[in-house]
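What follows is one structure encoded as structure tokens, with my remarks underneath.
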Amino acid sequence: MNISRRQWLAFTAGVITTAVSTPGWAQHRDQPSGGKRILRIAVSGISNNGTLSTLREQSNVGKRVLPSLLEPLIAMDVLGDLSLQPGLAQSWRRIDDKTIEISLRRGVRFHNGDEMTAEDVAFSFGPDVMFGDTPPHRGEGAKTIRTDNAAAHRASGTRCPAEVAAVGRRLWPSLEAVEVLDPYTVRFVNAVPDLTLEGRLARMGCDIISKRQYQEAGDWQAWASAPVGTGPFKVKTYKKDQHLILEKHADYWGGAPEVDEVHFYEVPEVASRINGMLAGEYDFATDIPTDQIKTIESASKLEAVGGPIINHQITCFDKHHPVLADPRVRRAMAHAIDRQLIVEMMWGGRTVVPQGLQFEFYGEMFDRNHHTPEYNPELAQRLLKEAGYQGEVIPYRVLNNYYTGQVQKAQIMVEMWRSVGLNVQMQMVENWSQIYDASSPRGIRDWSNSAGYNDPVSSLVNQHGPNGQQQQKGEWNNEEFNRLSGLLETSTDPAERQRVYARMLRIAEYEDPAYLVVHQTAAFYAKRKDIHWKWSPTFYMDFRRGNTAEVSV
């Protein structure tokens with residue numbers, strides 16, 4: 001399929017319109033700062049589920065905001081090479097393949113002034129907060145925790161809801177116990193061998209919270225609207241779907257931030273975020289399409305920063321749809337997409353087509369022999385003929401630009417599929433509940449996958465394995481893939497793990513496709529030039545001390 005630049009522009013014309021200024025932005029929405037140093041950020045979203053719980057908000061928008069509040073034991077160098085660093089844990093050591101011992105940093109204060117101790121750590125990984133009544137897997141085979149029944153989602157008092165427990169077991173399928181050895185030492189004991197324990201301790205969702213504040217909240221929803229952690233900022237005000245105002249944690253162990261407050265405003269429309277920047281309403285705006293970078297940079301006081309991050313844009317299949325039950329149709333859909341054209345035309349070449357659902361920071365686990373299915377429309381047509389495809393409708397549920405440029409990308413992919421004979425029809429929906437609704441036939445939907453740490457378990461298994469979202473939602477499963485997921489998680493032989501991972505990629509992207517990878521995500525921000533701020537190759541917007549050192553007041 002050959003698409004000219006003019007044809008591409010026809011797809012996107014009228015989607016984004018910006019103006020130099022608009023009367024609606026003339027009045028600053030903040031009250032006088034009284035000398036406070038305040039950063040104002042226009043974001044596409046703050047929370048998908050109306051909470052500030054990292055376990056409940058495992059999303060791109062959650063990752064942007066919540067690490068400012070809640071921190072894990074082991075830190076990731078989010079402004080550098082993504083290596084694991086001391087954080088709330090000043091050090092750690094392996095006892096054996098199942099056990100890791102953590103020495104806590106002393107003098108760390110929660111937002112409520114309490115000192116963090118081993119009791120808080122054990123509680124943060126206990127049944128009330130993370131696991132509910134779900135038991136650890138002890139090597140007895142793959143299991144899937146279902147959360148389809150809405151009635152099961154209710155929390156009892158401060159006991160976490162069922163969907164939170166499901167995420168907890170996705171992140172820690174076999175955690176047996178957290179043993180308190182003394183006020184500053186804990187041991188994590190796994191039921192099975194696991195070479196990724198250090199990485200698991202570093203990812204969002206494995207954060208340390210105040211035991212006292214959690215218990216005193218009396219209700220999980222109340223706690224989740226203002227959780228007390230150890231991060232550089234604490235919650236001042238949160239209003240669902242509107243704004244989140246954070247204030248600095250003066251006793252932060254890493255040094256109090258230079259800025260006093262960070263205000264996140266939910267502004268779903270790209271044009272409104274850009275207009276607000278041009279009018280001086282905001283200091284930062286997120287999720288800027290590349291075709292709007294010139295608009296930002298035409299303003300003398302603004303600039304655009306950003307680039308590829310450890311996240312891939314993918315499109316997921318529901319293999320239980322009658323048409324998609326045949327893997328040849330799914331393979332045809334993968335071969336019909338010209339990913340490089342999408343990268344060039346939508347992103348101006350500012351991101352890349354990755355080698356499947358993997359990231360180079362996996363190191364030796366990165367499979368250099370694996371590649372995303374090639375663009376081959378002739379092969380796609382041949383596969384459709386072999387499958388006996390007769391033009392049946394394949395529904396494509398799409399959110400209104402939850403991902404940057406999502407609608408435009410969906411439109412061009414539909415045209416690419418149409419050119420090989422696939423009848424894919426877009427269905428615009430309003431929220432994720434409608435995306436997952438199984439009351440009507442589901443076909444394909446967009447998603448993105450991040451790597452929470454430097455091992456494929458954090459992405460391929462975590463998101464597509466037996467406890468991953470695709471299988472929890474009943475979209476896809478594969479018996480061999482599930483068996484290998486358990487082996488990848490428990491094997492201590494590096495060579496065996498490499499072989500297993502290569503096989504799993506082959507299954508999920510070629511033989512029985514669970515998804516198709518489109519491109520690596522790129523995150524671009526509009527910002528004031530006089531704020532010296534470094535963006536992260538993750539979604540996290542880091543405003544800790546040292547990364548906003550020269551904010552003009």
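The values are calculated or read from the model by the stated rules, or taken from the named source; none is laboratory data. Quick caveat, the model's predicted, so the values are computed rather than measured. Here Cβ is always computed from backbone atoms with ideal geometry, including for glycine, and neighbour counts include all displayed protein chains. Protein only, heavy atoms only, side chains kept; ligands, DNA and RNA dropped before computing areas. Shrake-Rupley method; radii C 1.70, N 1.55, O 1.52, S 1.80 Å.
Condition check ((1) closer than 30 Å to R64 by Cα; (2) acidic (D, E); (3) at pLDDT 95 or above) across all residues:
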position: G465; (1), (2), (3): yes, no, yes
position: G468; (1), (2), (3): yes, no, no
position: T490; (1), (2), (3): no, no, yes
position: R506; (1), (2), (3): no, no, yes
position: E509; (1), (2), (3): yes, yes, yes
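Filtering segment 87-106 to residues that are open to solvent by 60 Å² or more (accessible area, probe 1.4 Å) and in a strand (DSSP E or B) leaves Q90, W92, R93, R94, I95, D96.
Scanning segment 211-224 for residues that are in contact with a Phe, Trp or Tyr (Cβ under 8 Å, 6 or more places away or on another chain) and open to solvent by 40 Å² or more (accessible area, probe 1.4 Å) gives a single hit, K211.
When the test is whether a residue is of a type outside the set (V, I, T), in contact with a Gly (Cβ under 7 Å, 6 or more places away or on another chain), touching a residue at least 12 places away in the same chain (Cβ under 8 Å) and open to solvent by 20 Å² or more (accessible area, probe 1.4 Å), A75 passes it.
Can you pull out every residue in segment 319-328 that is open to solvent by 10 Å² or more (accessible area, probe 1.4 Å) and either in a loop (DSSP other than H, G, I, E, B) or touching a Lys or Arg at 6+ places or on another chain (Cβ under 7 Å) (or both)? Explain how you work it out, then say what you get.
Within segment 319-328, the first condition is being open to solvent by 10 Å² or more (accessible area, probe 1.4 Å), and the residues that meet it are 319-323, 325-328.
If the condition is that a residue be open to solvent by 10 Å² or more (accessible area, probe 1.4 Å) and either in a loop (DSSP other than H, G, I, E, B) or touching a Lys or Arg at 6+ places or on another chain (Cβ under 7 Å) (or both), then K319, H320, H321, P322, V323, A325, D326 are the ones that fit.
The set of residues in segment 385-398 being open to solvent by less than 10 Å² (accessible area, probe 1.4 Å) and of a type in the set (A, V, I, L, M, F, W, C) consists of I394, V398.
So, restricting to helices (runs of 4 or more DSSP H) that lie completely within segment 171-238, which ones have at least 3 residues that are farther than 17 Å from R56 by Cα and at pLDDT 95 or above?
Details: elements: 197-200, 211-217, 220-224.
Helices (runs of 4 or more DSSP H) meeting the threshold: 197-200, 211-217.
If you go through segment 20-64 and keep only what is at pLDDT 70 or above, of a type in the set (D, E, K, R) and farther than 30 Å from S450 by Cβ, you end up with K36, R37. Evaluation of D120 against the conditions (1) farther than 20 Å from A222 by Cβ; (2) touching a helix residue (DSSP H, G or I) at 6+ places or on another chain (Cβ under 6 Å); (3) acidic (D, E) shows that the sole unmet condition is (1). Which residues, taken from segment 225-250, are open to solvent by 60 Å² or more (accessible area, probe 1.4 Å) and among the aliphatic types (A, V, I, L, M)? The one that is open to solvent by 60 Å² or more (accessible area, probe 1.4 Å) and among the aliphatic types (A, V, I, L, M): A250. Scanning segment 264-283 for residues that are more than 20 Å from the chain's Cα centre (by Cα) and open to solvent by less than 10 Å² (accessible area, probe 1.4 Å) yields R273, I274, G276, M277, E281, Y282, D283.
May I ask you to verify whether V407 is open to solvent by less than 10 Å² (accessible area, probe 1.4 Å) and either more than 14 Å from C316 (Cβ to Cβ) or not in a loop (DSSP other than H, G, I, E, B) (or both)? Working first, answer last.
Values: open to solvent by less than 10 Å² (accessible area, probe 1.4 Å): no; either more than 14 Å from C316 (Cβ to Cβ) or not in a loop (DSSP other than H, G, I, E, B) (or both): yes.
For V407, the condition - open to solvent by less than 10 Å² (accessible area, probe 1.4 Å) and either more than 14 Å from C316 (Cβ to Cβ) or not in a loop (DSSP other than H, G, I, E, B) (or both) - is not met.
A count restricted to segment 55-81 and to residues that are of a type outside the set (S, T, Y), out of contact with any Lys or Arg (no Cβ under 6 Å at 6 or more places or on another chain) and part of a loop (DSSP other than H, G, I, E, B) stands at 12.
Tally up the residues in segment 101-151 that are among the β-branched types (V, I, T) and modelled with pLDDT of 90 or more, please. Walk me through how you get there before you give the answer.
Going through segment 101-151, the residues among the β-branched types (V, I, T) turn out to be 102, 108, 117, 121, 129, 134, 144-145, 147.
Those still in the list that are modelled with pLDDT of 90 or more too: 102, 108, 117, 121, 129, 134.
Of the residues in segment 101-151, 6 are among the β-branched types (V, I, T) and modelled with pLDDT of 90 or more.
For segment 280-323, which residues satisfy the criterion of being basic (K, R) and under 30 Å from E392 (Cα atoms)? Within segment 280-323, just K319 meets the criteria.
Quick check, is E430 modelled with pLDDT under 95 and closer than 27 Å to D287 by Cα? Steps first, please.
On the way: modelled with pLDDT under 95: yes; closer than 27 Å to D287 by Cα: yes.
Yes; evaluated as a whole, the condition is true for this residue.
Scanning segment 470-499 for residues that are among the charged types (D, E, K, R), closer than 26 Å to D96 by Cβ and surrounded by fewer than 21 Cβ atoms within 10 Å (Cβ to Cβ) yields R483, D493, E496, R499.
Out of the residues in segment 111-137 that are outside any loop (DSSP other than H, G, I, E, B) and of a type in the set (F, W, Y), which is least open to solvent (accessible area, probe 1.4 Å)? Per the criteria, the residue is F131.
Do you know which of the residues in segment 216-247 that are without any contact (Cβ under 8 Å) to a residue 60 or more places away in the chain and of a type outside the set (D, E, K, R) is nearest to Y540 (Cα to Cα)? Here the residue is I245.
Given the criteria within 30 Å of N423 (Cβ to Cβ), open to solvent by less than 10 Å² (accessible area, probe 1.4 Å) and out of contact with any Leu (no Cβ under 7 Å at 6 or more places or on another chain), does I342 qualify? If you could, list the steps in order and put the result at the bottom.
On the way: within 30 Å of N423 (Cβ to Cβ): yes; open to solvent by less than 10 Å² (accessible area, probe 1.4 Å): yes; out of contact with any Leu (no Cβ under 7 Å at 6 or more places or on another chain): yes.
In short, yes.
Entry remark, segment 276-318: residues being within 30 Å of R330 (Cβ to Cβ) and not in a helix (DSSP H, G or I) number 13 in total. Of all the residues in segment 381-392, those that are in contact with a Gly (Cβ under 8 Å, 6 or more places away or on another chain) and of a type outside the set (S, T, Y) number 3.
In the set R368, R350, R331, only one residue is open to solvent by 50 Å² or more (accessible area, probe 1.4 Å) and in contact with a Gly (Cβ under 8 Å, 6 or more places away or on another chain); that residue is R350.
For (1) not in a loop (DSSP other than H, G, I, E, B); (2) not hydroxyl-bearing (S, T, Y), each residue gets a yes or a no:
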site: R331; (1), (2): yes, yes
site: I337; (1), (2): no, yes
site: T351; (1), (2): no, no
site: L357; (1), (2): no, yes
